[in-house]
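First comes the structure, then the notes that go with it.
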Amino acid sequence: MIKYKKMEETYRTKAIILGRKPFRECDAIATVYTFEKGKLDLVVKGAKKIKSKLAGHIEPMNLSEIMVVRGRGYDYIGSAVNKNCYINIKSNLNLVSCAGKAVNIFNKLVKHEEKDEDLFFILENFLEILNNENIGNNELFYNFFILKLLDLLGNRPELYNCVVCCSKISENNNKFDFLKGGVVCGKCLKNKNSAISDDCIKILRFAIKNDFCELKKLKINDILASEANFIISSFLAFYS
Ligand SMILES: [Zn+2]
């Protein structure tokens with residue numbers, strides 16, 4: 001008779017904790033976005049015990065290095081080490097609400113096991129900059145995150161050619177059609193479309209092309225920021 005010892009399969013990965021909910025009597029399920037395998041639901045054993053060391057490393061919004069153990073029913077987190085708790089975000093109500101919204105929408109829009117290193121990096125970079133830098137307009141910075149997230153998920157707004165006649169967008173008298181997901185030129189516009197200024201089109205193009213380090217340097221007046229916030233949040237509403 002052949003005897004063999006079953007080896008538990010494990011792997012290590014960087015993970016951003018997206019959320020956590022109770023599971024069974026004293027465990028929890030953590031939803032995490034991992035660098036290696038995308039979005040996963042993992043059991044945190046004994047998470048409800050007061051002295052659980054593991055649970056402290058698996059707080060929502062943390063960046064942790066985790067070891068995943070493959071189980072028969074569920075995979076679980078064998079160990080975890082915090083790499084960044086984003087302490088400045090968590091000690092500021094405005095920042096925590098901004099980062100919380102970003103993490104929740106990421107969790108909502110990104111499907112399980114959709115592995116994409118760029119998705120990992122935009123969430124990590126966004127949290128990193130929000131934690132370390134003084135961002136003038138948190139709401140606009142959050143909307144830039146949304147725009148980049150939608151772009152990575154295949155929903156880039158059309159900002160260069162009219163979504164009706166396909167001609168190149170020139171300056172003046174353009175509108176935005178949320179149903180069609182892009183800019184409509186002066187010849188094709190209808191009343192129900194929202195006006196979009198030339199500067200706002202430029203800002204959106206710039207936000208898609210550049211990373212958060214460049215975006216944080218932008219000086220944008222309040223009127224233009226409100227316009228960009230409106231266009232991006234309405235665009236999100238149509239696509240989620
Ligand atoms: Zn047109």
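The values are calculated or read from the model by the stated rules, or taken from the named source; none is laboratory data. None of these values were measured; they are calculated from a predicted model. No Cβ is skipped: glycine too gets one built from the backbone with ideal geometry, and neighbour counts run over all protein chains shown. We work out accessible area using only protein heavy atoms, side chains counted, and drop any ligands, DNA or RNA first. Shrake-Rupley method; radii C 1.70, N 1.55, O 1.52, S 1.80 Å.
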Next on the checklist: Could you check the stretch 179-196 and list, in sequence order, the residues that are in contact with a strand residue (DSSP E or B) (Cβ under 8 Å, 6 or more places away or on another chain), open to solvent by 40 Å² or more (accessible area, probe 1.4 Å) and within 10 Å of the ligand (Cβ to nearest atom)?
Outcome noted: Leu189
Checklist entry - Mind checking which residues of the stretch 148-158 are at negative phi and not in a helix (DSSP H, G or I)? => result Leu153, Asn155, Arg156, Pro157, Glu158
Next on the checklist: I'd like the residue in the stretch 75-90 that is out of contact with any strand residue (DSSP E or B) (no Cβ under 7 Å at 6 or more places or on another chain) and crowded, with 16+ Cβ neighbours inside 10 Å and, out of all such residues, is nearest to Glu65 (Cα to Cα).
Outcome noted: Cys85
Checklist entry - Just checking, how many residues over the stretch 159-178 are part of a loop (DSSP other than H, G, I, E, B) and either farther than 21 Å from Lys209 by Cβ or within 9 Å of the ligand (Cβ to nearest atom) (or both)? => result 10
Item to check | Set Asp116, Asp151: member being away from the ligand (no atom under 16 Å from the Cβ), at pLDDT below 95 and within 30 Å of Leu42 (Cα to Cα) | outcome: Asp116
Checklist entry - Which residues, counting only those in the stretch 179-192, are outside any loop (DSSP other than H, G, I, E, B) and free of Cβ contacts under 8 Å to residues at least 24 places away in the same chain? => result Val184
Item to check | Selection count, the stretch 205-231, where residues are under 18 Å from Ile135 (Cβ atoms) and under 19 Å from the mean Cα position of the chain (by Cα) | outcome: 11
Next on the checklist: Of the residues Asp199, Asp211, only one is open to solvent by 60 Å² or more (accessible area, probe 1.4 Å) and closer than 14 Å to Tyr142 by Cα; which?
Outcome noted: Asp211
Item to check | Close pairs (9 angstrom Cβ cut-off, 6 or more residues apart or separate chains): over 16 Å from Phe178 (Cα atoms) and open to solvent by less than 40 Å² (accessible area, probe 1.4 Å) in the stretch 146-168, away from the ligand (no atom under 16 Å from the Cβ) and of a type in the set (Gly, Ala, Ser) anywhere | outcome: Lys148/Ala207; Leu149/Ala102
